[in-house]
2 protein chains.
Amino acid sequence: MKVGFIGTGVMGTGMIKNLIKADFDVTVYNRTKTHADAAVAAGAKWSDSPKELASQSDVIISIVGFPTDVEDVYFSEHSVFAGAKPGTIVIDMTTSSPSLAEKIGAKAEELKLEALDAPVSGGDLGAKNGTLTIMVGGKEETYEKVLPLFEAMGKSMHLFGSYGSGQRTKLANQIMIAGTMLGMSETLVFAEKAGLNSEDVINTLSGGSAENWSLSNYGPRILKGDFEPGFYIKHFIKDLRLAIEEADAMQIDLPMLKLAKQLYTKLQDEDNLGNAGTQALIKYYRP
Amino acid sequence: MKVGFIGTGVMGTGMIKNLIKADFDVTVYNRTKTHADAAVAAGAKWSDSPKELASQSDVIISIVGFPTDVEDVYFSEHSVFAGAKPGTIVIDMTTSSPSLAEKIGAKAEELKLEALDAPVSGGDLGAKNGTLTIMVGGKEETYEKVLPLFEAMGKSMHLFGSYGSGQRTKLANQIMIAGTMLGMSETLVFAEKAGLNSEDVINTLSGGSAENWSLSNYGPRILKGDFEPGFYIKHFIKDLRLAIEEADAMQIDLPMLKLAKQLYTKLQDEDNLGNAGTQALIKYYRP
């Protein structure tokens, strides 16, 4: 199975290495060619455009930055849809809008291709270790065909429904994380101000009903002053925006989600922290 | 060691049974006598007032409803402080205000008593199974003396500092839970409206970086329509109010915490849900 992979960022590079390790034949494209060096060094071939890549592949996987980048990759002049042969499977693994996933699905059917939306969680470490969670939307028969690819990249994967369902599940995931990040930040700043030992607080809270992944994983990094991105604030803001747009379209009001977007946006716009990790939310509260 | 126990609610009764199981000699008092029937049936003796109870005990434990109840138990006419002999240890395990814990500590010293604040997390099941987390404030020497009592009731306990530190840690715990409850509710209502299978969403999210205790434990109850109280909304509102008062006093603004209190207060005041479990927060979002 010839795999074309678009997007050799932190996530993509880890996923490509795991595909190669599982003996898939991988060709890559990235907007900035030098960023594909690690993937090429690991054994991937290079292609000069999404169109050329698509014409040579059985399956195309994309994981890029923003929905506009996804639009470019699939719908622009030198895009995947300009090059893919009938029967090719396209999988967008970017966290992107459910409606764009539906649009890709419809266009793929028109071109006699198959499409899945398959965003992931688990971050850079999950990509590197092949332990991603993969949330999939599309047709069952397509899902079954590419399961070996998913299994090379992830430890858990599930088909949630038709086009866009993977994206909707990922957005639900991000809403949950917004809650744990807000809760963790307010908890830690409260503990600090109250003169408690924050490490003891994290340990105690992690053993009870306040327990959550953000507190156990980001809490200790915050105490060390480590704000390096496991996941960028700028990308989380994009996800929160997509979730709010989707909630608005469904006519539900989610005030916690809006609050999270507001605080993160302030950090990005006023404190220039878009390239920091999401755990830097605590800086909103610290004077 | 003769233990006097004040408050035979759901939490207290479980804790009393575990103290009796560990061979402590337990006498109980409760405002409504019939609510002590289960404790008495388990082998506890009855006393007619906190004052009388205190005069016969080496250690007094209280776990009642609200800070005003704690005030009553310790400072009113027939209270603990009216009856306790020098050398007695008093432990308030109610989630109450840090400043009241400091006041109890100061008064205890004046009367040659010892005091700890020691609120718990882990809910009714933790109380029943002896697996509570106990967050303690007070003097180390006092903590050491009553450790066998704590070990009979909890699986994890820690001394966080002087009077009020147990309460401050418990409030930090409640802030964290406010975040997971808000996040979970908005996640589940988003998933429902998006037409996703909520059970699959909970399972998938629980395996990744959105993972948290509230989602794993309350999520399935919500899907079953089970809003029985593991923890009452009316008590959670009290905790959130205490946390906000404390944050205000420390001059920190915690908008997520305020939002949580606002939504829960609406459920209590407008929808009459004060006696429902905290997982009923999702009803705020459902039309």
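The values are calculated or read from the model by the stated rules, or taken from the named source; none is laboratory data. Computed from a prediction, not measured in an experiment: that's the story for all the values here. All Cβ positions, glycine included, derive from the backbone under ideal geometry; neighbour counts span all protein chains shown. Accessible surface is based on the protein model in full, side chains and every heavy atom, while ligands, DNA and RNA are left aside. Shrake-Rupley method; radii C 1.70, N 1.55, O 1.52, S 1.80 Å.
Provide the per-residue ³J(HN,Hα) series for region B:49-54, in order, calculated from phi with Karplus coefficients 6.51, -1.76, 1.60 and θ = phi - 60°, each as a whole number of Hz, with x at glycine and proline positions.
Whole-Hz 3J(HN,Hα) from phi for region B:49-54: 7, x, 5, 4, 4, 5.
Amide H neighbours of residue A:88 under 5 Å, at least 5 residues apart or on other chains, H built in the peptide plane: list them.
Amide H neighbours of residue A:88: A:114.
Which whole-percent values make up P(r) of region B:1-113 when all C-alpha to C-alpha distances are grouped in 10 Å steps starting at zero?
With 10 Å bins starting at 0, P(r) equals 16, 51, 30, 3.
Principal axes first, then extents: for the Cα atoms of chain B, list largest minus smallest coordinate on each axis, whole Å, largest first.
For chain B, the Cα spread along each principal axis is 63, 45, 35 Å.
Using amide H atoms built in the peptide plane, which far-off residues or other-chain residues are under 5 Å from residue A:61 H to H?
A:4, A:5, A:6, A:91
Need the C-alpha centroid separation for region B:17-95 versus region B:213-267, integer Å.
About 28 Å separates the Cα centre of region B:17-95 from the one of region B:213-267.
If you put a point 7 Å past Cα along the Cβ direction, how far is that point for residue A:25 from the same point in each other copy, in nm, smallest first?
8.5
Distances from residue B:87 to the same position in the other copies: list them in nm, one decimal, shortest first, using label points 7 Å from Cα along Cα→Cβ.
With the label placed 7 Å along Cα→Cβ, residue B:87 yields 9.2 nm.
Express as a percent, rounded to the nearest 5, the fraction of DSSP beta bridges in chain A (both residues included) that run antiparallel.
15
Which residue in chain B puts its Cβ closest to the axis that rotates chain B onto chain A, and at what distance in whole Å?
In chain B, the Cβ lying nearest the symmetry axis toward A is B:212, 2.
What is the helix-to-structure angle for A:255-271, meaning the angle in degrees between its Cα long axis and the longest Cα principal axis of chain A, kept from 0 to 90 and rounded to the nearest 10?
The angle comes out near 90 degrees.
Inside 10 Å of the C-beta atoms of B:256-264, what's the mean count of C-beta atoms belonging to other chains?
Values: counts 13, 5, 2, 5, 6, 0, 1, 2, 0.
Mean shielding count: 4.
Only Lys, Arg, Asp and Glu count, each charged at its Cβ (+1, +1, -1, -1), so figure out the dipole size of region A:152-287 about its Cα centre, rounded to 20 debye.
Approximately 240 debye in magnitude.
Could you give, in nm with one decimal, how far residue A:2 is from each other copy of that position, shortest first, with labels 7 Å out from Cα toward Cβ?
Sorted ascending, the copy-to-copy spacings read 8.9 nm.
Using mean Cβ contacts within 10 Å as the protection proxy, how do B:139-147, B:215-223, B:200-208, B:71-79 order, highest first?
Result, highest mean Cβ count within 10 Å first: B:200-208, B:215-223, B:71-79, B:139-147.
Quote the relative contact order of region B:1-87 in percent (integer), defining contacts as alpha-carbon pairs under 8 Å separated by 6+ residues.
Relative contact order comes out at 33 percent.
How large is the Kirkwood hydrodynamic radius of region B:168-285, in angstrom, based on all distinct alpha carbon pairs?
14.6
Inside 10 Å of the C-beta atoms of B:161-170, what's the mean count of C-beta atoms belonging to other chains?
Partner Cβ neighbours, averaged per residue: 3.
Using every alpha carbon pair in the protein assembly as shown, what percent of pairs falls into each 20 Å bin from 0 up to the bin containing the largest distance?
Taking every Cα pair in the protein assembly as shown, the percentages come to 21, 45, 25, 9, 1.
Using 1/(1 + (r/R0)^6) with R0 = 22 angstrom and r between the beta carbons of residue B:33 and residue B:77, what's the FRET efficiency to the nearest 0.05?
Between residue B:33 and residue B:77 the formula returns 0.75.
Among DSSP beta bridges lying fully in the protein assembly as shown, give the percent that are antiparallel, nearest 5.
That works out to approximately 20 percent antiparallel.
To the nearest 0.05, what FRET efficiency results for residue B:22 and residue B:141 with a Förster distance of 25 Å applied to their C-beta separation? Don't skip to the answer; put the middle values down first.
Values: r = 22 Å, r/R0 = 0.87.
Computed FRET efficiency for residue B:22 and residue B:141: 0.70.
Between residue B:250 and residue A:269, how high is the FRET efficiency from 1/(1 + (r/R0)^6) when r is the Cβ-Cβ distance and R₀ = 30 Å? Nearest 0.05.
0.65
Taking each residue of B:193-203 in turn, how many C-beta atoms of other protein chains fall within 10 Å of its C-beta, and what is the average?
Per residue, the number of nearby Cβ atoms from other chains is 6 on average.
Could you give the accessible area per residue of region B:2-161, probe 1.4 Å, as a whole number in Å²?
Numbers: 6410 Å² over 160 residues.
Per-residue accessible area for region B:2-161 comes out at 40 Å².
So, in nm, how far is label residue A:286 from label residue B:199 when the simple model puts each one 7 Å beyond its Cα toward the Cβ?
Distance between the two pseudo-spin positions: 4.5 nm.
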